1. Answer with yes or no whether residue 254 is out of contact with any strand residue (DSSP E or B) (no Cβ under 7 Å at 6 or more places or on another chain), at pLDDT 95 or above and buried (at least 20 other Cβ atoms within 10 Å of the Cβ).
2. Just checking: which of the strands (runs of 3 or more DSSP E) contained wholly in the stretch 258-372 hold 2 or more residues that are within 26 Å of residue 154 (Cα to Cα) and in contact (Cβ under 8 Å) with a residue 24 or more places away in the chain?
3. For the stretch 288-320, give me each residue that is surrounded by fewer than 18 Cβ atoms within 10 Å (Cβ to Cβ) and in contact with a helix residue (DSSP H, G or I) (Cβ under 9 Å, 6 or more places away or on another chain).
4. Kindly indicate the residue of the stretch 44-64 that is out of contact with any helix residue (DSSP H, G or I) (no Cβ under 6 Å at 6 or more places or on another chain) and assigned to a helix (DSSP H, G or I) and also surrounded by the most Cβ atoms within 10 Å (Cβ to Cβ) among those meeting that condition.
5. Would you say residue 6 is modelled with pLDDT under 90 and surrounded by 11 or more Cβ atoms within 10 Å (Cβ to Cβ)?
6. Is the stretch 336-357 home to any residue that is over 24 Å from residue 130 (Cα atoms), touching a strand residue (DSSP E or B) at 6+ places or on another chain (Cβ under 6 Å) and at pLDDT 95 or above?
7. Filter the stretch 76-104 down to residues that are assigned to a helix (DSSP H, G or I) and in contact with a helix residue (DSSP H, G or I) (Cβ under 6 Å, 6 or more places away or on another chain) and give me whichever is farthest from residue 274 (Cα to Cα).
8. With the structure loaded, tell me whether residue 30 is buried (at least 19 other Cβ atoms within 10 Å of the Cβ), closer than 24 Å to residue 222 by Cβ and at pLDDT below 90 or whether it fails that test.
C-alpha cells in the first residue's frame, strides 16, 4: 500500500528547550534500555516502513572528469531522468581518494565513542551550525531524532576549531575533516557541470555559480535502538541546500519517498549518494525535484554517514535561469539568498518536506507587507 507523506507543520517558533540530564542522548546508556524516552517518539504516520527497494540510478563521473563526450551524453540523459523523478542518484568513479573517505569515517567513529563530557566541550551553540549535537535537543523538545551529529560550516579552519574547542591533540582529526571538505568541493563542481548540461544551460553555468560555494559538513551517528519502530534517525524532509553528497557505511538506513511510497536504498560499495536540495530545485523552477528522504534505525547495528551540504555564498541571489521558466514566463519562487533560507529554518520552521513552499509563502507575505 502506498504511504502518504505526513502534512507539514505550520510555520512555528523553534523550541529552545533542551533535554534535561535524565533524558540526555547518551547512546551507550539508552541503547541498552528496553524502551526509549517519549521525546523520541514519532507519529505512526511518519514511521511507516518502506515498501520496496529503489533501483537507484548510478552516474559514472569518469566521462566528465576525462572529457569523454559519448560517456557524458549517456550520463546526462540518466541524470535528467533521475532529477525529474525524485532528485536522487549515486555517483561512481568520482575521483575521491579512498583513503580520504575511509579516514574521515574512521575519525567520525572515533569522535562519537568519546565520553559525553568531551563531546559537550564542542557542543553546538545557539545560532551556530558548527559543533556537536545530541539528538538536536538544544533546539527541539519532541520528535527527537535518534542520532548524534558533529557539524562544521565553511568560513573557518576546521583544524583550528577542533583544536580550540577540544585541545591541540584534536587538530589532526580536524585536518582530516578539512581535507574531506576540500575534496567534496572539487567533486561538487564536476557534478554541477553535468547538471548544467542536463538542463541545457551549459556546463559552466552552475559550475561558475558554485565556484565559491560554502558548505556544511555533518558527521552522523545512528546508534542501535531498542524500539526502532517508534522513532526516526532523521525524519522525512528535503534538504534546504543546493546539493547533498553523502558517504555512508554498508548498513541500510537511508530511504527515499518516490512513487507514493518509501523505498530503501541499498549501499553500493565505492559510490557516493547525491540528492537535489530545495535551493537547486528553486534554481530549476521545479523542473528538478528536491529529494524527500529519511534515515531509519534498527535494533542490531549502528550506522555512520558523512553528509556534505553544498550552499551558495550567502549574498548570491537564487533564481531560475531564464530558459527554465517555461512559456508563461512564471517564476515559482521569489528571489532569495541562502542566508534568508537558513534564517527561516533556524528561527521559524523545523525542516521537513515542505520547507521551501513555506519559505516562499513567507517571502511573498513579507513582500506584500513592505509594498503597502
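1. When the stated conditions are applied, residue 254 does not pass them.
2. The strands (runs of 3 or more DSSP E) meeting that bar are 272-276, 292-295, 303-311.
3. 298, 299, 313, 314, 315, 316, 319
4. So, considering only residues that are out of contact with any helix residue (DSSP H, G or I) (no Cβ under 6 Å at 6 or more places or on another chain) and assigned to a helix (DSSP H, G or I), the one surrounded by the most Cβ atoms within 10 Å (Cβ to Cβ) is 46.
5. yes
6. no
7. Among those that are assigned to a helix (DSSP H, G or I) and in contact with a helix residue (DSSP H, G or I) (Cβ under 6 Å, 6 or more places away or on another chain), it is 103.
8. Taking the combined requirement at face value, the residue satisfies it.
The values are calculated or read from the model by the stated rules, or taken from the named source; none is laboratory data. The structure presented is a predicted model; accordingly, all values stated were derived computationally and were not measured. Cβ coordinates were reconstructed from backbone atoms using ideal geometry, including for glycine residues, and neighbour counts include every protein chain displayed.
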